[in-house]
Amino acid sequence: MSPHGISGRSLDRIDAAIAGGGFVVTLAVLVRTAPAIGYARDEGFYFLAAEAYGRWLRALWADPAHAVRADVVDAHWVVNHEHPPLVKALFALSHELLGGLVAGGTAFRLPAMVLVAALVALLYLWGTRVAGRVAGVVAAASLLAMPRVFFHAHLACFDAPVTALFTATTFAWWRALETRGWRWPLACALLFGATLAAKHNAWFLPFLFAAHGAVVAAAAWAGREAPWPAVRRALAVLGLSLVVGPLVLWASWPWIWRDTAARVGEYVAFHLHHEFYNMELFGETYWRPPFPRTYAPVMTLATVPATTLLLAATGGAASLLAVARAVRARVAPLPGASPEARAWIRVSTSWIGGVLVSYGPWVRDSTPIFGGTKHWMTAMPFLALLAGVGCAMAVRAARRAAGAGGAGGGWRTAALGAALAACAIAPGVVTTARAHPWGLTAYTPLVGGAPGSATLGLNRTFWGYTTASAGPWLAEHAPADAAVYVHDTLGASWDQMQRDGVVPGHLRRVGSVAEADVALQHHEMHMQGQEYQAWIALGTTRPALVLGPDGVPVLLVYTRAARPR
Amino acid sequence: MDEAGRQATARGTAGRVLALAAGLALPGVAALELAGEARVAASTPDAEAWSAVAGEVRSLARDGALVVTSPRWAEPHLRQRLGHDVMPLAHLGRGDVDRFEHAVEVALGGARSEELAAYDVVDERRIGPFVVRRLDNPRPDPVRFDLVDGLRPPHATVGGTDPATRCFWSVRAPVVSGGLGGHPTLPRQRFDCPGPVWMDVGVTVIADERFRPRRCIWAHPFGRGDKVLRWEEVPLAGARRVVGHHGMYWVVERDRLGADVEVEVRVDGVSIGTTVHHDGDGWSPFTFELPPRDEAAPTGTIEIAIRTADAERRHLCLEATVR
């Protein structure tokens, strides 16, 4: 495939080594940086679910006949049954195997980190195959250098795993259409099933595949070839996925083994009628529809490095130019689009489709926005791939302009490529590194970073994970028997932080600020009322501790002015 | 060159221009982003800078001036260092800015307080990364008597009319907080009224429609009749108006499902005005003119009667001042 003369390459052992190295480095970085990120609210729910599923898996190992009884299945899998099982089951397995070797929370989180590390490796391989090593390296690094992606990659939640599986399924789909035989179609179908079992974003994949299948057929037509073989192949793979995928979901989810229709209906209804939570945008808190349609584009511009967006736009434009050229060539009395051009169209439109289908729901003003950027995180790997190609194109053009040749050796050529790749990646790396561990407060310089975003009235945090940052202060200053109001931190998340030594184990968690000696306050606009409750309950407006990136208050800690008599 | 060749050339040119443009723009965009990160890092005040400006503010605000930060999100840093002496709860939960004669603004990055837009800057100085301004209110409306401050015996009482009830002052009531979406904290010192705890009356802080703090009297209406707050011996000589506000925690009223709440103000038994809180109004001002006063009666009685047709989740909180 050749986006404007960029040649892809067959992968070799060096590429395998680079991908493997990328996997190892990514995993090491995530594991190393994870302890600073406290356990998010949703992680607490999934810890509890994983523990329940872990008990069932042990029961299954010990006595399968007993474990598969309806009452036994229901007793364990009822926990968090509104979400599919795969990722939580992986958390359970990891915790079972590694809970004694690493902190319990890290053991839960490890599968998500492994999946993200695998995704980084996949991006390198896919980008390199399409447009060379510059594209592969930039694609892989760009993903990890997106601050919000980097943050979510640490968590025992579904967003990073489904992003990895969504991309892997799309990759398998693409390979299935580029090859003959049954292996890649089967892989696509199985991965689709795994993605379904991870999170409901998976249900958008069939739409992507249907649309992309039409594009593939059109590309054949543009090349003056019969489109029907491409149509048949696409339909076959899609059909196989639609049969196998739900079967994989059913097989992996004991909760729906029985009363399948009713329980699947309950799962669908939960997500179609999900309760709306609050989200701030430009100083307004939205809690019910209509939600601003500008939310997704604004937050993308505010949180994805501008260099990545620039290069992704370049790669996307190259795809659209190729499509336009192919159509014109076909319509005009000219030779049709070349095989290389058609191959580029086929792969690049799968990436663009991945972006569009991920953002698509937010065209409607009734789609919830309370999850912030993680709602469309499945788009990010495709943006990274487009950015990789955009960078490869830029490198080639720069080399030609500098007289270093469009390809080939020489230290100047290599240096130019490295310099532009560094330009592509460095800003994201700096933003991501500076933001850590305040990932949900990470905003790019385009909006003035965290301070600018606070002034603009953009959401500063949610999920109560920042409690971990107060751990050292609590250890030093909180009285031995202090009652702590943990605000937005889920009780199960706090308990795990205590077990892992992130916050002192001697502190008592209380459910009301009125009972507390110490009150945490995680800043969200709609929760300001609770800070004022703390002022009255604790008798002070003077925070003992103010924490946040670049001076922006995200976590406040109040202590009681005097013990009540 | 034939048509095919021209078209092929055009096709290649567009792509090359695109790639070259990206290649030329990339270093510049990267440099701007990196410079932006550096700028953010460099402009963030450190702890020493905050302590230095806090010291300056402490001396500038000795006369009880209102202290604000611009942007507002930086305020916790100043509160942490200045405490209640310089930034008391009555200032933080202010009903309005008209009541202050002076203000001190601590500004970062060129920000200005919209709230103090009508104030005049009389002094401005740079303290490290901050610009510190001393401002004067050109038309101050000072408070002669604050009914919120005065809500305590022996001069204040609270009761109901249907049935006739009296709420008893407690200095050791259990502190109760409603959590997210719930009622504000009911303080230890408050009037204990019949019924559930949220029927009690005390001074608290709510979050208004902008989620700003408003210090006010929590006065949830009874299911029947009026809840009457009464202040005796209020200095009224020379006073011209009763100025106040009413509101609810925004999370409660934003769905606009609750019944209207009437607030009637009476002086010496005579009504001087009634205002109504509708869900969705937010923090709402009211002003009632005081009738002319006999010099022989420098003090009087003020009553605030609160009533509603449906008391379901009517988290009314109000403040009122004599000016």
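The values are calculated or read from the model by the stated rules, or taken from the named source; none is laboratory data. Predicted model, so just to flag it, every value in this text is computed and none were measured. Note that each Cβ is placed from the backbone with ideal geometry, even for glycine, and that neighbours are counted across all protein chains shown. These accessible areas exclude ligands, DNA and RNA; they are computed on the full protein's heavy atoms, side chains included. Shrake-Rupley method; radii C 1.70, N 1.55, O 1.52, S 1.80 Å.
GNM on chain B, alpha-carbon springs under 10 angstrom: the most fluctuating residue among B:HIS277, B:HIS84, B:HIS246 is B:HIS84. Relative to the compact-globule estimate of 2.2 N^0.38 Å, the Cα radius of gyration of the range A:185-292 comes out at 1.45. For the protein assembly as shown, a crude dipole built from +1 on the beta carbon of Lys and Arg and -1 on the beta carbon of Asp and Glu, taken about the Cα centre, is about 3640 debye to the nearest 20.
Sorting the segments A:528-537, A:384-393 by their mean number of nearby beta carbons within 10 angstrom, highest to lowest, gives A:384-393, A:528-537.
When both the range B:12-39 and the range A:290-368 are represented by their alpha-carbon centers, they are found 19 Å apart.
Between helix B:75-86 and chain B there is an angle of about 30 degrees, using the helix long axis and the longest principal axis of the Cα atoms. Expressed as a whole percent, the proportion of Cα-Cα pairs in the protein assembly as shown lying more than 50 Å apart is 30%. Building the convex hull from the alpha-carbon atoms of the range A:1-153 and averaging its projection over directions returns 11.7 nm².
Note on A:503-512: average number of Cβ atoms from other chains within 10 Å of each residue's Cβ is 1. Rounded to the nearest 500, the 222 nm mean residue ellipticity of the protein assembly as shown from helices alone is -15500 deg cm²/dmol, with -39,500 (n - 2.57) taken per DSSP H run of at least 4 residues.
What you get for the range B:194-323, charging only the Cβ of Lys and Arg (+1) and of Asp and Glu (-1), is a dipole of about 320 debye around the Cα centre. Net charge of the neighbourhood of A:ALA176, taken over other residues with C-beta under 10 Å away and scored Lys/Arg +1, Asp/Glu -1, is +3. Projected over all directions and averaged, the alpha-carbon convex hull of the range A:443-547 occupies 7.0 nm².
Averaged over the residues of A:438-445, the number of partner chain Cβ atoms lying within 10 Å of the residue Cβ comes to 2. On the beta carbon distance between A:LEU97 and A:VAL25, with R0 = 30 Å, the FRET formula returns roughly 0.85. Summing charges over all other residues whose Cβ lies under 13 Å from the Cβ of B:PHE288, with Lys and Arg as +1 and Asp and Glu as -1, gives +1.
Any chance you could check the Cα centroid distance between the range A:229-267 and the range A:477-500 for me, in angstrom? Here the answer is 42 Å between Cα centres.
Peptide packing for A:85-92, A:159-166 was compared via the average number of neighbouring C-beta atoms within 10 Å per residue; ordered from the highest value, the list is A:159-166, A:85-92.
Look at the dipole of the protein assembly as shown built from charges on Cβ: of A:GLY448, B:THR274, A:ALA492, the Cα furthest out on the positive end belongs to A:GLY448. Taking one quarter of the surface of the C-alpha convex hull of the range B:41-126 gives a mean projected area of 5.6 nm². Determine the percent antiparallel among the DSSP beta bridges restricted to chain A, to the nearest 5. Of the beta bridges lying entirely in chain A, close to 70 percent run antiparallel.
Output the antiparallel fraction of DSSP beta bridges having both residues in the range B:61-161, as a percent to the nearest 5. For the range B:61-161, the DSSP antiparallel bridge percentage is about 75. Taking the Cα centre of the range B:227-296 as reference, the dipole from Cβ charges on Lys and Arg (+1) and Asp and Glu (-1) amounts to some 120 debye.
For the pair B:LEU24 and B:ALA164 in one chain, pulling the backbone fully straight at 0.36 nm per residue adds 42.3 nm over the alpha carbon distance. The range B:187-220 and the range B:239-298 have their alpha-carbon centroids 16 Å apart. Peptide B:197-207 shows a mean partner chain C-beta count of 3 within 10 Å per residue C-beta. Which one, A:ALA470, A:ALA59, A:PRO246, is farthest towards the positive end of the dipole of chain A when Lys and Arg carry +1 and Asp and Glu -1 on their Cβ? Of the candidates, A:PRO246 comes out farthest on the positive side.
When B:GLU75, B:GLU295, A:GLU51 are compared by accessible area of protein heavy atoms, the largest-first order is B:GLU295, A:GLU51, B:GLU75, using a 1.4 Å probe.
Highest-first packing order for the peptide set A:465-476, A:416-427 is A:416-427, A:465-476, based on the mean count of other beta carbon atoms within 10 Å.
Projecting the Cα atoms of A:CYS157, A:ALA198, A:HIS506 onto the dipole axis of the protein assembly as shown, where Lys and Arg carry +1 and Asp and Glu carry -1 at the beta carbon, places A:ALA198 farthest toward the positive end. Under 5 Å between amide hydrogens, built in the peptide plane, is the criterion, and for B:ILE127 it picks out B:VAL132 among residues at least 5 positions away or on other chains.
Other residues whose C-beta falls under 14 angstrom from the C-beta of A:GLY127 contribute a net charge of +2, scoring Lys and Arg +1 and Asp and Glu -1.
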